[in-house]
1. Cα atoms only, the stretch 72-123: Rg and Dmax in Å?
2. Under the Karplus relation 6.51 cos²θ - 1.76 cosθ + 1.60, θ = phi - 60°, what is the ordered set of whole-Hz ³J(HN,Hα) values for the stretch 4-11, x standing for Gly and Pro?
3. Extending each Cα 7 Å along its Cβ direction at Ala107 and Gln39, get the distance between those two points in nm, one decimal.
4. For Ser30, what accessible surface area do you get with a 1.4 Å probe? Give it in Å², rounded to 10.
5. Can you compute the equivalent ellipsoid semi-axes for the stretch 31-73, i.e. the square root of 5 times each eigenvalue of the Cα gyration tensor, sorted largest first and rounded to whole Å?
6. So what does Ser52 come to for accessible area, using a 1.4 Å probe and Å² rounded to 10?
7. Hey, what D do you get for the chain in µm²/s if you plug the Kirkwood alpha-carbon radius into Stokes-Einstein at 10 °C and 1.306 mPa s?
8. If I model a spin label at Thr120 and Ser85 as a point 7 Å from the Cα along the Cα→Cβ vector, what separation in nanometres do I get?
Amino acid sequence: QVQLVESGGGLVQAGGSLRLSCAASGRTFSMYAMGWFRQAPGKEREFVATISSNDAITDAADSVKGRFTIFRDNAKNTVYLQMNSLKPEDTAVYYCAARLYGIRRTAHEYNYWGQGTQVTVSS
């Protein structure tokens with residue numbers, strides 16, 4: 001069982017920045033690819049970014065490329081999402097997720113999920 005806990009969400013003005021954190025339990029964090037997804041009320045869960053277990057490969061949605069960066073610190077069992085140049089359309093609950101080894105863009109490929117953290121961007 002992998003436990004994931006997100007933090008770092010909040011209210012920010014358009015153009016501002018936030019850094020989200022996702023802390024994982026257990027001793028096998030380095031075996032997992034990690035992903036960030038987001039979901040606004042009444043909308044489908046949307047892929048944001050992912051990073052491979054060995055930190056060699058990252059991928060991000062076109063809507064956030066150049067603004068968001070995913071990175072991890074395996075010594076701290078934590079994955080981060082640095083969010084810059086935030087826009088009102090980035091407002092959503094952000095979730096981290098885990099799967100073994102390979103990065104994926106689809107939510108159903110991930111086995112473990114955190115409870116989410118709210119990000120609200122004001123115009």
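1. 13.1, 38
2. 10, 10, 8, 7, x, x, x, 9
3. Label-label distance for Ala107 and Gln39, simple model: 0.4 nm.
4. Counting only protein heavy atoms, Ser30 exposes about 60 Å² to solvent.
5. 21, 12, 7
6. Its heavy atoms expose roughly 10 Å² to the probe.
7. For the chosen part, D equals 112 µm²/s.
8. Distance between label points: 2.6 nm.
The values are calculated or read from the model by the stated rules, or taken from the named source; none is laboratory data. Predicted model only: the values in this text are computed from it and were never measured. All Cβ positions, even for glycine, are placed from backbone atoms using ideal geometry, and neighbour counts span all protein chains on display. Heads up: the accessible areas ignore ligands, DNA and RNA and are worked out on the full protein's heavy atoms, side chains in. Shrake-Rupley method; radii C 1.70, N 1.55, O 1.52, S 1.80 Å.
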